[in-house]
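The values are calculated or read from the model by the stated rules, or taken from the named source; none is laboratory data. What you see is a predicted model; the values in this text were computed from it and never measured. In this analysis, Cβ positions are derived from the backbone assuming ideal geometry, glycine residues included, and neighbour counts consider all displayed protein chains.
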Amino acid sequence: MSERMAATVEGPGLKPVDTMGDIRGAEAPRSLREATARTTTEILDQKRSRMTNVMVGQEQQQIPFGNDKQKTPQQQQQQQIPFGNDKQKAPRQQQQQQIPCGNDKQIAPRNDKQIDIEEEDVTPFDKLREECGIMAVYGHPDAARMTYWGLYALQHRGQESAGIASADGHELNDIKGMGLVSEIFTDEVLARLPGSMAIGHTRYSTTGDSALLNAQPISVESTKGLIAIAHNGNLVNLGNSKERLERDGAVFQTTSDSEIIVQLIAHSRCNMLVDCIANSLAQVEGAFSIVMMTRNRIFAARDPHGFRPLSMGRIAGVDGAPDTFVFASETCAFDLLHAKYERDVKPGELVMVSEDGVTSRRFAPETTPPASCIFEHVYFARPDSRIFGRWVQQSREEMGRQLARESSVDADLVVPVPDSGVTAALGYAAESGIPFNFGLIRNHYVGRTFIQPEQRTRDFGVRMKLNPVRSLLEGKRIILIDDSIIRGTTSRKIVRMVRAAGAKEVHMRISCPPTVSPCFYGVDTPSKRELIAANKSIEEIRQFIEADSLAYLSLVGLTYSCTTKEAANGLSPASFCTACYTGVYPTQWVDVEDILPAMVGA
Ligand code: SF4
């Protein structure tokens with residue numbers, strides 16, 4: 001046991017937590033047993049208590065609109081853009097300049113020599129990664145299983161670890177493991193999570209060590225009672241809050257930023273738990289959509305800017321039974337449960353569900369400017385989800401349509417980079433009138449790692465995942481649609497692959513603006529020097545990826561695409577965080593060194 005862990009159990013305000021529980025005798029699946037062994041030696045040397053806690057496992061210019069086929073993308077990006085067919089509804093001017101964040105000290109000046117292009121196929125796909133999906137169920141006899149299904153639908157939001165905590169009014173149990181939801185939870189494991197309430201979490205880490213130690217839900221027993229928390233997002237004033245808590249005697253169990261919220265609750269001087277929670281949430285800054293559970297209540301909250309999505313749904317009770325309430329990062333999780341979407345948890349709102357029903361209060365003023373992550377609509381969320389009050393599929397298809405209006409090119413076929421480019425490609429094809437087809441086939445059965453050939457062959461990793469359909473591509477002028485270019489290495493491999501399959505021309509179109517700044521709000525982003533668009537012009541990127549032409553969707557076109565036609569919840573272009581495209585961050589300051597330590601040496 002590390003000194004850090006040893007000290008954990010003695011912190012004022014916190015009682016010891018037993019992380020062994022009774023899972024050790026269970027017939028666990030292989031991954032479960034391995035995880036148990038790891039945690040036994042590394043983590044689980046803690047004292048017993050009543051609670052069972054088991055760990056098992058730039059466009060900077062205004063851009064013109066229209067089918068100006070004679071102009072290059074670069075030329076087009078220097079003109080004004082109207083939107084779609086709705087010229088009256090031009091969104092407000094977005095931040096036109098790239099303004100570095102005050103604490104973004106390590107952002108390097110533009111210097112092409114600093115780009116360190118990784119040619120090996122160790123990480124074959126070059127995407128930003130969402131870090132978490134969260135789920136909560138209140139008032140169902142099999143709450144843990146319902147949470148499992150919800151997490152199953154949210155698996156795309158994190159594949160590193162998963163956990164479920166349940167409560168039956170007396171005891172609180174939690175089980176966490178490394179791997180996919182389906183690898184960790186079996187019938188036997190779920191049977192050890194009794195109760196009518198549960199919260200769950202699936203994780204790809206951005207803050208804290210990438211380890212079982214930081215898997216969630218995090219459970220602690222405090223003087224305010226048992227609390228389990230599952231968090232999606234990143235806090236940005238870690239240093240400040242952490243120092244203050246440590247001065248007050250807190251000793252942290254994990255290196256996850258999520259624990260700060262629980263520690264703040266544990267050290268709150270308020271009398272009522274709900275006041276402690278509201279008071280604690282008001283002290284932290286950054287991105288947090290959270291679900292929390294005590295022995296008999298569920299809480300759900302979103303940060304005042306509303307960076308990450310969180311929706312509430314309801315399953316009607318049968319034969320007079322009370323309704324079940326569910327919360328999830330995305331509404332796709334409701335469908336499997338036959339839950340009906342009710343509403344989003346509002347930014348700055350704390351919702352409580354107890355035997356007295358659903359109550360709501362604010363912990364932050366409604367005047368905080370909204371900053372919902374626009375990249376959720378571009379890439380993270382599933383198209384069958386409704387987030388921030390709007391269907392993702394609708395936004396994504398409109399991005400493709402607007403991209404076609406802004407940067408059309410004569411071609412024979414529109415081909416998506418699967419899977420994330422599919423919906424935008426459908427929109428592009430519909431708007432441009434150019435046929436759509438699946439010219440690249442994705443192998444969905446490639447795991448996160450695979451055996452490399454003895455002698456490395458070029459682009460092997462990408463070819464394991466994608467294969468061109470030669471009969472569709474040969475002799476054709478192809479428009480490739482993708483949702484982003486991060487480092488550029490994967491895009492180059494795909495362009496080469498399509499050309500090698502016989503394409504006459506390859507035109508790359510990207511359904512969002514160039515990614516020029518890192519994200520500090522819960523998304524795994526490479527350092528600025530690795531972001532190709534932060535270091536090269538669009539023409540230089542085109543040369544790098546070896547495409548015949550390259551164009552990105554404008555920022556104004558993107559916000560238009562995410563708001564046009566149906567602007568529920570008062571959604572407007574100003575509702576979104578677009579910092580990774582502008583460098584303009586919605587929070588006052590960002591404690592970069594705590595959040596992305598890897599960047600410091602970048
Ligand atoms: Fe989303 Fe980009 Fe803002 Fe991060 S910086 S919250 S990825 S829009």
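Does ASP459 count as surrounded by 14 or more Cβ atoms within 10 Å (Cβ to Cβ), among the charged types (D, E, K, R) and modelled with pLDDT under 95?
When the stated conditions are applied, ASP459 passes them.
Out of the stretch 500-554, which residues are charged (D, E, K, R) and farther than 30 Å from ARG203 by Cβ?
LYS504, GLU505, ARG509, LYS536, GLU539, GLU540, ARG542, GLU546, ASP548
Can you pull out every residue in the stretch 418-430 that is in a loop (DSSP other than H, G, I, E, B) and under 15 Å from ALA551 (Cβ atoms)?
GLY421
Of everything in the stretch 438-449 that's in contact with a strand residue (DSSP E or B) (Cβ under 6 Å, 6 or more places away or on another chain) and at pLDDT 90 or above, which residue is farthest from ARG477 (Cα to Cα)?
Ranking the qualifying residues of the stretch 438-449, first place goes to ILE441.
List every residue pair whose Cβ atoms lie under 8 Å apart, where the two residues are 6 or more positions apart in sequence or sit on different chains, the first residue falls within the stretch 361-385 and is more than 20 Å from GLY313 (Cα to Cα), and the second residue, located anywhere, is near the ligand (Cβ under 8 Å from one of its atoms) and of a type in the set (Val, Ile, Thr).
CYS373/VAL523; ILE374/THR578; PHE375/VAL523; PHE380/VAL523
Tell me yes or no: at least one residue of the stretch 327-348 is polar (S, T, N, Q), farther than 24 Å from PRO518 by Cβ and at pLDDT 95 or above.
The answer is yes; a qualifying residue exists.
Please verify whether the stretch 361-371 includes one or more residues that are closer than 29 Å to ASP419 by Cα and buried (at least 18 other Cβ atoms within 10 Å of the Cβ).
yes
In the stretch 539-553, what count of residues is obtained for those that are touching a helix residue (DSSP H, G or I) at 6+ places or on another chain (Cβ under 6 Å) and not charged (D, E, K, R)?
Residues flagged as touching a helix residue (DSSP H, G or I) at 6+ places or on another chain (Cβ under 6 Å) and not charged (D, E, K, R) within the stretch 539-553 amount to 6.
Per-residue answers, yes or no, for (1) touching a strand residue (DSSP E or B) at 6+ places or on another chain (Cβ under 8 Å); (2) modelled with pLDDT under 50; (3) assigned to a loop (DSSP other than H, G, I, E, B):
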| residue | (1), (2), (3) |
| --- | --- |
| ILE117 | no, yes, yes |
| HIS140 | yes, no, yes |
| GLN159 | yes, no, yes |
| ILE164 | yes, no, no |
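I want to confirm something. Restricting to the stretch 141-186 and keeping residues that are among the acidic types (Asp, Glu) and out of contact with any Lys or Arg (no Cβ under 9 Å at 6 or more places or on another chain), which single residue is surrounded by the most Cβ atoms within 10 Å (Cβ to Cβ)?
Here the answer is ASP174.
Give the number of residues within the stretch 462-482 that are part of a loop (DSSP other than H, G, I, E, B) and out of contact with any Asp or Glu (no Cβ under 7 Å at 6 or more places or on another chain).
3
Considering only residues that are among the small types (Gly, Ala, Ser) and surrounded by fewer than 24 Cβ atoms within 10 Å (Cβ to Cβ), which ones fall in the stretch 381-407?
Result: GLY389, single match.
For THR331, indicate whether it is of a type in the set (Val, Ile, Thr), under 27 Å from LEU172 (Cα atoms) and in contact with an Asp or Glu (Cβ under 9 Å, 6 or more places away or on another chain).
Considered against the rule, which asks whether it is of a type in the set (Val, Ile, Thr), under 27 Å from LEU172 (Cα atoms) and in contact with an Asp or Glu (Cβ under 9 Å, 6 or more places away or on another chain), THR331 comes out as yes.
How about the stretch 574-585: which of its residues are within 13 Å of the ligand (Cβ to nearest atom) and either in contact with a Gly (Cβ under 7 Å, 6 or more places away or on another chain) or not polar (S, T, N, Q) (or both)?
Answer for the stretch 574-585, where residues must be within 13 Å of the ligand (Cβ to nearest atom) and either in contact with a Gly (Cβ under 7 Å, 6 or more places away or on another chain) or not polar (S, T, N, Q) (or both): PHE576, CYS577, ALA579, CYS580, TYR581, GLY583, VAL584, TYR585.
Which one is farthest from the ligand (Cβ to nearest atom) among residues in the stretch 532-548 that are in a helix (DSSP H, G or I), within 27 Å of ASN467 (Cβ to Cβ) and over 23 Å from the mean Cα position of the chain (by Cα)?
GLN543
Within the stretch 515-526, restricting attention to residues that are of a type outside the set (S, T, N, Q) and within 12 Å of the ligand (Cβ to nearest atom), which residue is surrounded by the fewest Cβ atoms within 10 Å (Cβ to Cβ)?
ASP524
So for the stretch 333-344 (the condition being in contact with a Ser or Thr (Cβ under 6 Å, 6 or more places away or on another chain) and within 20 Å of ALA574 (Cα to Cα)), does at least one residue qualify?
There is at least one residue in the stretch 333-344 that is in contact with a Ser or Thr (Cβ under 6 Å, 6 or more places away or on another chain) and within 20 Å of ALA574 (Cα to Cα).
Which residues, taken from the stretch 367-399, are closer than 14 Å to THR563 by Cα, in a helix (DSSP H, G or I) and either touching a strand residue (DSSP E or B) at 6+ places or on another chain (Cβ under 8 Å) or acidic (Asp, Glu) (or both)?
PHE375, GLU376, HIS377, VAL392, GLU397, GLU398
Which one of ARG529, ARG492, ARG509 is surrounded by 22 or more Cβ atoms within 10 Å (Cβ to Cβ), assigned to a helix (DSSP H, G or I) and of a type in the set (D, E, K, R)?
Only one candidate qualifies: ARG492.
Just to be sure before I move on: is ILE485 more than 16 Å from the ligand (Cβ to nearest atom) and either in contact with a Leu (Cβ under 9 Å, 6 or more places away or on another chain) or outside any loop (DSSP other than H, G, I, E, B) (or both) in the structure I sent?
When the stated conditions are applied, ILE485 does not pass them.
Could you tell me how many of the residues in the stretch 279-307 are at pLDDT 95 or above and more than 15 Å from MET197 (Cα to Cα)?
Count: 9.
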